[in-house]
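Visitor: Before I ask anything, here is the structure I am working with.
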Amino acid sequence: MATAEMMLASASKATEAPVLIDIDGVSVHFESQDGTRVTALSRLDLQIRAGEILSLVGPSGCGKSTTLRLIAGLQAPSEGVLSIHGGAKRRGFSEVAIVFQKPTLLPWLNVLKNVLYPVRVLNRRITAADKARAIELLALVGLSEAATKMPKELSGGMQQRVAICRSLILDPKILLMDEPFGALDALTREDLQLDLLRIHAETKKTILLVTHSISEAVLLSDRVAVMSARPGRMRDLMEIDIDTPRTHQTASEPKFSAYAQRIRDQIFEPRAGR
Amino acid sequence: MSASAFSRHRRFILPVAAFVIFIGVWQIVSSLFAIPVYILPSPVDIYDGGSRLGLALFSNMGETLKTILLGFVLSCLVGIPLGILVSVNRTISEAIYPIIVFLNAIPIVAIAPVIVVIFGTDMTARLIIVMLIAFFPIMVATATGILATPEEMRDLASVTGASTLTEVLTIRLPYAMTYVFGGLRIGVTVSVVGAVVAEFVNANKGLGFLVVSSTSQFDIGMAMACVTLLAVISVFLYQSVGLVQRLFFPWTVGDAVR
């Protein structure tokens, strides 16, 4: 299979980066309301490398968001081991930050204070250096003028940019993004995708991105993990070997559509054909 | 007046005009049909009743206001923390919620004389009566707001490593303020009711006391003057709560809340 060779070839190149998050045979079961056990995630094995952008794609209920919540410490594994950076996952620490589908800004704080919220939670006094960093981050996404505005004065896209700044304020190693651009209009989404690529190029964060959009996954990712539903499990993990820096012109390359087609096939192919 | 000036100020002009007409019709009907004052005092009778009290009207109003405000503040100091506790901690909630519901189920007018017997005829008894009626809506509203906090906001706090206390203080309580103010509006209104009930059963001053003493002398005009003043106080306090909300908690003022 040509794709398998392609994967092998690129895998040898990328394995140089150390594994930052190791998900080893992790399952997550829920008790549903009528008492039956629902398996949200079944024996997931996934190694996320330092500095990569890895996308999780798949139909609803495939456990993408559960995987994200696991790494964020919002969900404990029922079975298996999840370790970050060699050590065991502690609940809530400054190495992981999350961006949700909705901006989830706190409406009682202005933009600057929203960006600084994680600093405040850590019981640290907000210093001039913190403020300078927040303003620097806002400038990175073109919002330096908006620091004193209230969230409701901003558009959805601007709010999501603020949320991204907030996720970066503590300089986390890992950035988790749960369909961060899903609620935005198409033009704003393209804008923010490029913002994200730029931020990644500058900061080399490890980014785990949950998305419904196949083209978004191909455009942004170093690797794409395709998951299938009921029970949620890993279906395929492919290396996206397209040169950086990528732009929206990248989408017109034949390689791009080949990857997109392969992901689509993986999602819609009947399970028996694996 | 031009039509545009009217449409700009109609929210003010219409109720004032309606009120003036209502008072006018009331006065005319009272005089025209010579309705006895003990059946329906006219606006002039009520004004006379009030002016016969003179400055005493205002010193008594001060007493009642003191009871209302102190009782209301105490209700907040008890109701808001209790609302937080029952919504954050399940054990506390299961243990004390039934007791609180029972306390609230007691008819305030029935228990008021008993409280006076137990606590005496000073301010303490009056404040307890006000609190019994006012803390419950405040507590329930607070608990509802705390529980209504969107999960993503709570996740945000957890991911950052916030303790439960930090989460409550920085996320859930600010979010709940919209609901808390709903409770405060009800709370301040029923505080007026509580204060009057307390003065009915135990006081030698205050507007509630004046209502009782003047009706026992068939001075309906004077009684109605006190009742009117109580209504004015109630509206004023209700609006003050709204003002505090708009000034200090602007994010809680959405289109739904007015």
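Visitor: Answer yes or no: is there a residue in the stretch A:141-154 that is outside any loop (DSSP other than H, G, I, E, B), on the phi < 0 side of the Ramachandran plot, surrounded by fewer than 20 Cβ atoms within 10 Å (Cβ to Cβ) and within 14 Å of chain B (Cβ to nearest Cβ). Give the steps one after another, and end with the answer.
Guide: As a first pass, look at the stretch A:141-154 and keep what is outside any loop (DSSP other than H, G, I, E, B): A:144-146, A:151-153.
Next, only the ones that are on the phi < 0 side of the Ramachandran plot stay: A:144-146, A:151-153.
With the extra rule that they be surrounded by fewer than 20 Cβ atoms within 10 Å (Cβ to Cβ), the set shrinks to A:144-145, A:152-153.
The next check asks that each one be within 14 Å of chain B (Cβ to nearest Cβ); those that pass are A:152-153.
Yes, because at least one residue in the stretch A:141-154 is outside any loop (DSSP other than H, G, I, E, B), on the phi < 0 side of the Ramachandran plot, surrounded by fewer than 20 Cβ atoms within 10 Å (Cβ to Cβ) and within 14 Å of chain B (Cβ to nearest Cβ).
Visitor: Considering (1) more than 10 Å from chain B (Cβ to nearest Cβ); (2) of a type in the set (Val, Ile, Thr); (3) in contact with a Leu (Cβ under 9 Å, 6 or more places away or on another chain), say which one A:THR127 fails and leave the rest.
Guide: That leaves (3) as the condition not met.
Visitor: Any residue in the stretch A:260-267 that is polar (S, T, N, Q) and in contact with a strand residue (DSSP E or B) (Cβ under 8 Å, 6 or more places away or on another chain)?
Guide: First pass over the stretch A:260-267, keeping only residues polar (S, T, N, Q): A:261, A:266.
Then drop every residue that is not in contact with a strand residue (DSSP E or B) (Cβ under 8 Å, 6 or more places away or on another chain), which leaves A:266.
Within the stretch A:260-267, one or more residues are polar (S, T, N, Q) and in contact with a strand residue (DSSP E or B) (Cβ under 8 Å, 6 or more places away or on another chain).
Visitor: While we're here: Out of A:VAL99, A:VAL111, A:VAL121, which single residue is within 14 Å of another protein chain (Cβ to nearest Cβ), over 30 Å from A:ILE23 (Cα atoms) and at pLDDT 85 or above?
Guide: Working: A:VAL99 fails: over 30 Å from A:ILE23 (Cα atoms); A:VAL121 fails: over 30 Å from A:ILE23 (Cα atoms).
Residue meeting the stated conditions: A:VAL111.
Visitor: Can you pull out every residue in the stretch A:67-87 that is within 10 Å of chain B (Cβ to nearest Cβ) and at positive phi?
Guide: Hit for the stretch A:67-87 is A:GLY73, nothing else.
Visitor: Could you check B:GLY62 against (1) in contact (Cβ under 8 Å) with a residue 12 or more places away in the chain; (2) under 30 Å from B:PRO137 (Cα atoms); (3) not charged (D, E, K, R) and say which number it fails?
Guide: Condition (1) is where B:GLY62 drops out.
Visitor: Which one of these does B:GLY183 not meet: (1) within 14 Å of another protein chain (Cβ to nearest Cβ); (2) buried (at least 20 other Cβ atoms within 10 Å of the Cβ)?
Guide: Unmet condition: (1).
Visitor: Next question. Those residues that are within 7 Å of another protein chain (Cβ to nearest Cβ) and assigned to a helix (DSSP H, G or I), I need them from the stretch B:160-170; list them, please.
Guide: Step one: of the stretch B:160-170, the residues within 7 Å of another protein chain (Cβ to nearest Cβ) are B:160-162, B:166, B:170.
Residues satisfying the conditions are B:THR160, B:THR166, B:THR170.
Visitor: I've got another one for you. Please count how many residues of the stretch A:232-256 are modelled with pLDDT of 80 or more, hydroxyl-bearing (Ser, Thr, Tyr), loosely packed, with under 14 Cβ neighbours inside 10 Å and in contact with a helix residue (DSSP H, G or I) (Cβ under 9 Å, 6 or more places away or on another chain).
Guide: Qualifying residue count, the stretch A:232-256: 1.
Visitor: Out of everything in the stretch A:159-194 that is touching a Gly at 6+ places or on another chain (Cβ under 9 Å) and either within 13 Å of another protein chain (Cβ to nearest Cβ) or assigned to a helix (DSSP H, G or I) (or both), what residue ends up being nearest to A:LEU106 (Cα to Cα)?
Guide: A:ARG161
Visitor: Residues B:VAL88, B:VAL44, B:VAL37, B:VAL29: which one is of a type in the set (Val, Ile, Thr), closer than 30 Å to B:THR166 by Cα, surrounded by 11 or more Cβ atoms within 10 Å (Cβ to Cβ) and out of contact with any His (no Cβ under 6 Å at 6 or more places or on another chain)?
Guide: Working: B:VAL44 fails: closer than 30 Å to B:THR166 by Cα; B:VAL37 fails: closer than 30 Å to B:THR166 by Cα; B:VAL29 fails: closer than 30 Å to B:THR166 by Cα.
Of B:VAL88, B:VAL44, B:VAL37, B:VAL29, the one residue that is of a type in the set (Val, Ile, Thr), closer than 30 Å to B:THR166 by Cα, surrounded by 11 or more Cβ atoms within 10 Å (Cβ to Cβ) and out of contact with any His (no Cβ under 6 Å at 6 or more places or on another chain) is B:VAL88.
Visitor: Can you find even one residue in the stretch B:54-63 that is part of a loop (DSSP other than H, G, I, E, B), of a type outside the set (A, V, I, L, M) and surrounded by fewer than 17 Cβ atoms within 10 Å (Cβ to Cβ)?
Guide: Initial filter on the stretch B:54-63 (part of a loop (DSSP other than H, G, I, E, B)): B:54.
Now drop any that are not of a type outside the set (A, V, I, L, M), which leaves B:54.
Among the residues that remain, those that are also surrounded by fewer than 17 Cβ atoms within 10 Å (Cβ to Cβ) are: B:54.
Yes: the stretch B:54-63 contains one or more residues that are part of a loop (DSSP other than H, G, I, E, B), of a type outside the set (A, V, I, L, M) and surrounded by fewer than 17 Cβ atoms within 10 Å (Cβ to Cβ).
Visitor: Do we find that A:LEU137 is in a helix (DSSP H, G or I) and of a type in the set (A, V, I, L, M) in this structure? Working first, answer last.
Guide: Details: in a helix (DSSP H, G or I): yes; of a type in the set (A, V, I, L, M): yes.
Taking the combined requirement at face value, the residue satisfies it.
Visitor: Follow-up question, since we're still on this one. Given (1) surrounded by fewer than 18 Cβ atoms within 10 Å (Cβ to Cβ); (2) modelled with pLDDT of 95 or more, identify the lone condition not met by B:VAL192.
Guide: Result: B:VAL192 fails condition (1) only.
Visitor: Which of the residues belonging to the stretch B:166-195 are closer than 26 Å to B:THR67 by Cα and aromatic (Phe, Trp, Tyr)?
Guide: B:TYR179, B:PHE181
Visitor: May I ask you to say which residue of B:ALA157, B:ALA112, B:ALA143, B:ALA125 is surrounded by 15 or more Cβ atoms within 10 Å (Cβ to Cβ) and within 30 Å of A:PRO172 (Cα to Cα)? So that I can check it myself, show each step before the final result.
Guide: Working: B:ALA112 fails: within 30 Å of A:PRO172 (Cα to Cα); B:ALA143 fails: within 30 Å of A:PRO172 (Cα to Cα); B:ALA125 fails: within 30 Å of A:PRO172 (Cα to Cα).
Just one listed residue meets the conditions, B:ALA157.
Visitor: Counting residues that are closer than 30 Å to A:LEU109 by Cβ and within 14 Å of another protein chain (Cβ to nearest Cβ), which helices (runs of 4 or more DSSP H) fully inside the stretch B:69-159 reach at least 1?
Guide: Numbers: elements: B:90-105, B:108-119, B:123-147.
In the stretch B:69-159, B:123-147 are the helices (runs of 4 or more DSSP H) which contain 1 or more residues that are closer than 30 Å to A:LEU109 by Cβ and within 14 Å of another protein chain (Cβ to nearest Cβ).
The values are calculated or read from the model by the stated rules, or taken from the named source; none is laboratory data. These numbers were taken from a predicted model, which means no experiment stands behind them. Cβ: placed from backbone, ideal geometry, glycine included. Neighbour counts: every protein chain shown.
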